[in-house]
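Below is one structure, written out as structure tokens; comments come after it.
The values are calculated or read from the model by the stated rules, or taken from the named source; none is laboratory data. Remember, it's a predicted structure, so these values are computed and weren't measured experimentally. With ideal geometry, Cβ positions are generated from the backbone for all residues, glycine too; neighbour counts draw on all protein chains shown. Keep in mind that these areas ignore ligands, DNA and RNA; they rest on the heavy atoms of the full protein, side chains included. Shrake-Rupley method; radii C 1.70, N 1.55, O 1.52, S 1.80 Å.
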Amino acid sequence: MPTYRVTGGPDGTAGLSYKDKRAEPGDEVSDIPRESIKWLREQGYIEPVEKADTPAEVAAVGDSPTDAASSDEAPTEETV
Amino acid sequence: MAFKHGKNTKVHINASDLSSYFNSASASTSVAVAETTTYGVAGSAKTYVAGHNDATVSLGGLFDGDAGAVDEVISNVLGSSNDINFTIIESGARLSTILAPSSAQVGQRCIIGQAISTKYSVDSPVGGVVSVAVDLQVDGGTDHGVILLYDQSALTASQTSTDNAAATSNGGIAMLHVFTNTYGGTMTYRVQHSVDNSSWVDLVTFTAVGSSTTTSQRVVVAAGANVNRYLRGSVTASGSGGYQGTLLSFARRF
């Protein structure tokens, strides 16, 4: 199940209640009723929590283009 | 449609339930109009545009001079610089007793507002019962809403929801009266709203009500704010023993 963070809504203070549970702004939850996720996201009461390994993946992907760009730019400068 | 008898009308003013002292309650709203008739207007009828609305409340009943009874409550707020909070439940199902909360009252219509007490009279006829009459000048207009909690006990519970059939987008008014309190702890009352009647988010969170405190609170949800289709009252409690007698309502604005 995806994990979501309770944002607090428009004023940042709104808690979330579901299945006899309560979550406060900042809490991370993963058992929100499936049918509620769409409107809670649309109205800004929850946001998805990115997985921990996502930043590492971004960094790894980002390294190659940077290196490639550097190697591409060097010959151009030499030409000029 | 079902017509209602007035015998179960309830009147709450600030932190008091004064229903047992009154036997008449009248809330009236009028709208000022300005004439716009000009020469040569088509037809022969005058024309108007709507202006401001104005509301008053008149209450009548029987005198009681005990502590916390009608005379003490009303005389203390007469001419006060602070508005009083009021809720009138015009009619409806028979009301449950404290500690026996029922969902029967949830969704009943009510009138809520804040007002200045402009008149309090006590009439003592030689051949009859001493009576009282109260006039209120409503400050900011009345709002017609629905009950979300009534006579909620010390339960940590959410009541039955009410379905407006559609969301609204112009905010509203939330009103809380805690008129009895023997609870040994703190209770926090909320108005929650939902799109699907399954998950709920806070729309209004009232200031927590501590042990032995009676109070009334009015919270404005700003114009333009979204109010989802379903509404309910919610209570979270920290403590034990006793109960809080509570009336919580919300009026959408359109």
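Given axes a ≥ b ≥ c from the Cα gyration tensor, I'd like to know whether chain B is rounded (a/c under 1.5), prolate (a/b larger than b/c) or oblate. Mind dumping the intermediate values first?
Details: a/c = 1.99, a/b = 1.16, b/c = 1.72.
Oblate, because a/c is 1.5 or more while a/b does not exceed b/c.
Residues B:129, B:70, B:106, B:41, ordered by accessible area of protein heavy atoms at a 1.4 angstrom probe radius and largest first, appear as B:129, B:41, B:106, B:70.
Classify region B:108-254: rounded, prolate or oblate, from the alpha-carbon gyration tensor (a ≥ b ≥ c, eigenvalue square roots; a/c under 1.5 rounded; otherwise prolate if a/b is larger than b/c)? Please list the in-between numbers first.
Numbers: a/c = 2.39, a/b = 1.34, b/c = 1.78.
Judged from the Cα gyration tensor, region B:108-254 comes out oblate (a/c at least 1.5, b/c at or above a/b).
Quick one: ranking B:48, A:45, B:39 by accessible area, 1.4 Å probe, largest first, what do you get?
Values: B:48 120, A:45 20, B:39 230 Å².
The ordering from most to least exposed comes out as B:39, B:48, A:45.
Taken residue by residue and averaged, Cβ atoms of other chains lying within 10 Å of the Cβ of A:19-30 number 1. Pairs of Cα atoms nearer than 8 Å and 6+ residues apart set the relative contact order; for region B:187-226 it is 35 percent.
Over chain B, calculate the relative contact order: mean separation of alpha carbon pairs under 8 Å at least 6 apart, over the residue count, as a percent. Present the calculation step by step, with values, prior to reporting the outcome.
Numbers: 676 pairs, mean separation 51.9, N = 254.
Taking the mean separation of contacting Cα pairs over the length of chain B, I get 20 percent.
Quick check for me: using +1 on Lys/Arg Cβ and -1 on Asp/Glu Cβ, what's the dipole size of region B:1-151 about its Cα centre, in debye to the nearest 20?
Computed charge dipole of region B:1-151: roughly 580 debye.
For residue B:180, the residues 5 or more places off, or on other chains, whose built amide H falls under 5 Å of its own are B:245.
Of the residues B:168, A:3, the one with the largest accessible area comes first in the ranking A:3, B:168, computed with a 1.4 Å probe on protein heavy atoms.
Ignoring ligands, DNA and RNA, how much accessible area is buried between chains A and B, both sides summed, with a 1.4 Å probe, to the nearest 100 Å²?
Working: alone 5940 and 12300 Å², together 17190 Å².
Buried surface at the A/B interface: approximately 1100 Å².
Taken residue by residue and averaged, Cβ atoms of other chains lying within 10 Å of the Cβ of B:196-208 number 6. In this structure, the amide hydrogen of residue B:19, modeled 1.01 Å from its nitrogen in the peptide plane, lies closer than 5 angstrom to those of B:11, counting only residues at least 5 positions away or on a different chain.
A 1.4 Å probe, protein heavy atoms only, puts the accessible area of residue B:119 near 100 Å².
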